[in-house]
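A.B. asks: Mind having a look at this structure? Questions to follow.
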Amino acid sequence: MAMPLVNNLQQQAAECLRQRKYSEAALLYEQLIQAEPTTMSSYWYAGLALLLQGQETEAQMTWLSALSQGEPEQVEAWTADLVEILLTAAAQQEAQGEFQAAWLIRQYGREFAPTHFNNLLAIVLLAAQLNDLATYAEPALTEATQILSTQQPLEVEPEQVLSVMNALAEINPNHPFFSALFEAGDRLNDPDRQIFNRLSQIYAQAGAHLLQQGRDDEANHKFRDALSLGEKLTEGNFAVAHFNLGICLFKQGEFAEARDHFQVVKEMDPTFPNIQLQLSRVNYHLQNAPKGYQFSGDWFGRNVFLWEEHLMHLAHRPNLNVLEIGSWEGRSACWFLENLLTQPSSTITCIDTFAGGGGADFSGSDNRDIIEARFDHNISRTGSPATVIKKVGTSREMLRSLPLNSYDLIYIDGSHFAADALEDAALSWGLARVGAIIVFDDYDFHFENAPEDDTYIGIDAFMSAFSSKLRLIHQSHQVIVEKIAD
């Protein structure tokens, strides 16, 4: 066939492909193959046209039959040409929003060039566009992960890698792909360290997710990986990773190391949310560690920061009298003894049934003796000269037996039912001197199946009724008020 006719057929075939007339394009490329059987690009485009009209088997046969005609050296070069044509066509389909077609073309590019790293990543991004990473991306992700795990040099496009990381982090921040990126290290073409910066953030995100699930050991490793990457970077704020690692270490009882990470956070950002609270909490545990206390849990530590801010003006006063409703194992009572009640003339009256639940009005537990014994042991470890008056029974009964206008500080942490909280507050009011501080715990406590019993309802009712006689000092998970009139 004369060259002008061949050129004309090539132009017609290319135009049909552009206009998505795939059947016509396939026929035109068949004519070109018959006219010039040694022009391999005609086979590649013919197969592409067949593929785009849904004839996958015919497309494969067209490509494979052409490749079978060559020597090994020729096959390698021909395959490279075929892959380039396929990936160019895939990019054109992507530009037109034809993501399913683009994904299919790239899948065949993957068949012919399984180690083409950037194509594998493009398949993952197309899967994200199709909103189904699990179905469309996993084989390509697996192969990309394997390539990262080898020692072969990598030519990567950082922006493409970042896009894949962002898509994958949304559904599985623990995917092995991230670990493989971490191991690839300097083999990645990442001069601006964008990949490692984002990887550090994803590790921190994964650690936070694991921490929420209670998988503290795994979370610990993720946070450490995030920070180890951060040490290699020149920019980026890793305060969140330090903070979360501190939380993780705190939960694991590693208080000294937790404090170190909280200190780093405070140095990075003194306004970081809750950082002072966590420092107070961890310092509280470090101070108490040598004292031999026996506590089964810690519902109190988060209060230390508030109490240091709002109660320390009472410290070391002679004749300071404290009333505590709900003592459990004595954590809060020990804090009062160590920090406020330092004079021999001071007293603390502790009311509890020691029957369970951590409050004064719970009953029915078989652990009463154990809980009371822990309370006694812990109080003995404070070494405080103040007098501790233990009253075993319900607050409803015991509060009525106490002297009026006698207490400088009252801590209400008994039953959390709204009615009980209101009753404890009302009975305590007359016991408080003018100028006394009253602290309510667990203002945010909710009963999932009985919201009408939520603690705040009782506390709000009391504060509303006595609003002209008290001053609100603080309100969060605890409420702190001052009695300003009798």
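Values in this text are rule-based calculations from the coordinates and carry no lab data. What you see is a predicted model; the values in this text were computed from it and never measured. All Cβ positions, glycine included, derive from the backbone under ideal geometry; neighbour counts span all protein chains shown.
A.B. asks: For the chain, what does -39500 (n - 2.57) per DSSP helix run (n ≥ 4), summed and divided by total residues, give at 222 nm, in deg cm²/dmol to the nearest 500?
C.D. replies: That calculation yields -18000 deg cm²/dmol at 222 nm.
A.B. asks: Moving on to the next point. Relative contact order for the range 8-132 using alpha-carbon pairs under 8 Å, separation at least 6, rounded to a whole percent?
C.D. replies: Relative contact order for the range 8-132 comes out at 15 percent.
A.B. asks: Would you please give the residues with an amide H less than 5 Å from that of Ala436, counting only those at least 5 places away or on a separate chain, with H modeled from the backbone geometry?
C.D. replies: Those lying under 5 Å, H to H, from Ala436 are Lys483.
A.B. asks: What distance in nm separates the two pseudo spin-label positions at Gln276 and Gln160, each 7 Å out from Cα along the beta-carbon direction?
C.D. replies: With each label placed 7 Å out from Cα toward Cβ, I get 5.1 nm.
A.B. asks: Dipole of the chain, Cα-centred, from +1 at each Lys and Arg C-beta and -1 at each Asp and Glu C-beta, to the nearest 20 debye?
C.D. replies: Numbers: 31 positive and 64 negative charges, 354 e Å.
Once rounded to the nearest 20, the dipole reads 1700 debye.
A.B. asks: Tell me the relative contact order for the range 342-486 as a rounded percent, counting alpha carbon contacts under 8 Å between residues six or more apart.
C.D. replies: Across the range 342-486, relative contact order equals 20 percent.
A.B. asks: Express in whole angstrom the spacing between the alpha-carbon centres of the range 111-165 and the range 10-54.
C.D. replies: Distance between centres, Cα-based: 29 Å.
A.B. asks: May I pose another question? Find the percent of Cα-Cα distances in the range 192-291 that exceed 15 Å, and round it to a whole number. Can you show the working numbers first?
C.D. replies: Numbers: 2901 of 4950 pairs.
It works out to 59 percent of all Cα pairs.
A.B. asks: When the chain is fully extended, how far beyond the present Cα-Cα distance does Trp299 get from Ala461, taking 0.36 nm per residue of separation?
C.D. replies: On the way: separation 162, 0.36 × 162 = 58.32 nm, distance 2.48 nm.
So the extension gain works out to 55.8 nm.
A.B. asks: Right, something else. Dimensions of the range 406-470 along principal axes (Cα, Å, largest first)?
C.D. replies: 38, 21, 16
A.B. asks: Expressed as an acute angle from 0 to 90° and rounded to the nearest 10, what is the orientation of the C-alpha long axis of helix 3-18 relative to the principal long axis of the chain?
C.D. replies: On a 0 to 90 degree scale, this one is about 20.
A.B. asks: Tell me which GluC sites (Glu not before Pro) from the range 136-185 have a DSSP coil assignment and no more than 10 other beta carbons within 10 Å of their own.
C.D. replies: Details: sites: Glu143, Glu155, Glu159, Glu170, Glu183; in loops: Glu155.
Those that pass, being in a loop and sparsely packed, are Glu155.
A.B. asks: To continue, here is another question. Hey, of [x] 81, 58, 52; [y] 117, 43, 41; [z] 77, 50, 49, which did the structure itself give for Cα extents along the principal axes in Å when calculated?
C.D. replies: Among [x] 81, 58, 52; [y] 117, 43, 41; [z] 77, 50, 49, the one derived from this structure is [y].
A.B. asks: I need to check one value: relative contact order of the chain, counting alpha carbon pairs closer than 8 Å and at least 6 residues apart, in percent.
C.D. replies: Over the chain, the number comes to 6 percent.
A.B. asks: For the Cα atoms of the chain, what angle does the longest principal axis make with the long axis of helix 194-212, in degrees from 0 to 90, nearest 10?
C.D. replies: 50 degrees
A.B. asks: Sticking with this one: Between the helical axis of 138-149 and the dominant principal axis of the chain, each derived from Cα atoms, what acute angle in degrees is found, rounded to the nearest 10?
C.D. replies: For 138-149 against the chain, the angle is about 90 degrees.
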